[in-house]
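Encoded as structure tokens, the structure appears first; notes follow it.
Please treat every number below as a calculation from the coordinates, not as lab data. As the structure is a prediction and not an experimental result, all values here were calculated from the model. Methodologically, a virtual Cβ is constructed for each residue, glycine included, from the backbone with ideal geometry; neighbour enumeration extends over all protein chains shown.
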Amino acid sequence: MRKLKCGLIQMALKGETSGTPEQIRTQMLEAHIPLIDQAGEQGVQVLCFQEVFTQPYFCPSQDSKWYAAAERIPEGHTVQLMQGYAKKHKMVIVVPIYEEEMPGVYYNTAAVIDADGSYLGKYRKNHIPDVAPGFWEKLYFKPGNCGYPVFDTAYCKLGVYICYDRHFPEGWRALALNGAEYIVNPSATVAGKSKYLWELEQPAAAAANGVFIGAINRVGKEAPWDDKMGEFYGSSYIANPLGQIEAQASYDQDELLVHEIDLDQIKNVRNGWQFFRDRRPESYNELVEA
């Protein structure tokens, strides 16, 4: 059997949004490091953090100060730091941060680091919301241009899909067709109508594509969300290819969720549900002509 021990870290913001991006980055990294070490001690093989994990979810504001939160990939401090921890613990780490490609060009990105500390590449969030109230992401992020890469890590074939992406089934399918076995979806999602979808969409995508999915959300309240739409509700989880949630974190606590999955289940499920065999891509042209 091909077993894979997965880790997801969900966390509330450390510090205040009134602080500088540099101050907040320092506090968030300091808070994550003990949990990263715990993951290593527990034998986690693939670890993922929440969306833009070193910062608040700053998109409810329209404040250019947050451009200073962006870092280069892989040259920036956070990715370099995580390369050291990946090598230390022989652990694949997915690092979702705000990326600066060049001055004035920014992406919502996840860097993927292999278990020997080497940088494998990145995924840039493809679908960028710009809706009221509070999702002004187009001010901060350019739509991704990396396609749907799958990373051949030391332990599995890994895909990444970021937050709002999860509402678009095409990307899940593209990642599965590209060979992904385990797909992580780092998110920053607040209470409201998305709470119902949180435990609906990713399990459905896991079943439709015969993959495992790790869904990560942050916890707690961050200004100005507490004045608008409520709080981040955590509840990070891992869903299997049958669409079942196998393990789930708390609603409101900083937490490292560790769970072992059986990658052999992918083949078993796909042999029973022949969704890939029965696809009719030649009949789908109208879906991409608009």
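Please give the contour-minus-distance gain from E289 to K3: 0.36 nm per residue of separation, less the Cα-Cα distance, rounded to one decimal in nm.
Length gained, E289 through K3: 98.9 nm.
Among all the lysines, which ones have a C-alpha under 24 Å from K138's C-alpha, if same-chain residues fewer than 8 places away are not counted?
K65, K122, K125, K193, K195, K221, K228
Counting only complete DSSP H runs, which helices of the chain cover 27 Å or more along their long axis at the Cα atoms and score a mean Kyte-Doolittle of -0.5 or above?
21-41
DSSP loop (so not H, G, I, E, B), at most 15 other Cβ within 10 Å: list which GluC sites (Glu not before Pro) in the stretch 61-151 pass both filters.
For GluC sites (Glu not before Pro) across the stretch 61-151 that sit outside H, G, I, E and B with at most 15 neighbouring Cβ atoms in 10 Å, the list reads E75.
I'd like the antiparallel share, as a percent to the nearest 5, of DSSP beta bridges with both residues in the stretch 1-106.
The answer is about 20 percent antiparallel.
Per residue of the stretch 92-106, in order, report the coupling 6.51 cos²θ - 1.76 cosθ + 1.60 (Karplus, θ = phi - 60°) as ³J(HN,Hα) in whole Hz, putting x for Gly and Pro.
After applying 6.51 cos²θ - 1.76 cosθ + 1.60, I find 5, 10, 9, 10, x, 9, 7, 10, 9, 7, 7, x, x, 10, 10 Hz.
With springs only between Cα atoms under 10 Å apart, run a GNM on the chain and tell me which of I33, I113, I245 wobbles the most.
Maximum fluctuation in the GNM of the chain, among the listed residues, is at I33.
To the nearest 20 Debye, how big is the dipole of the stretch 1-96 about its Cα centre, given +1 on the beta carbon of each Lys and Arg and -1 on that of each Asp and Glu?
Here the stretch 1-96 has a charge dipole of around 540 debye.
Could you check which residue among D264, D165, D114 shows the biggest mean-square fluctuation in a GNM of the chain with a 10 Å Cα cutoff?
D264
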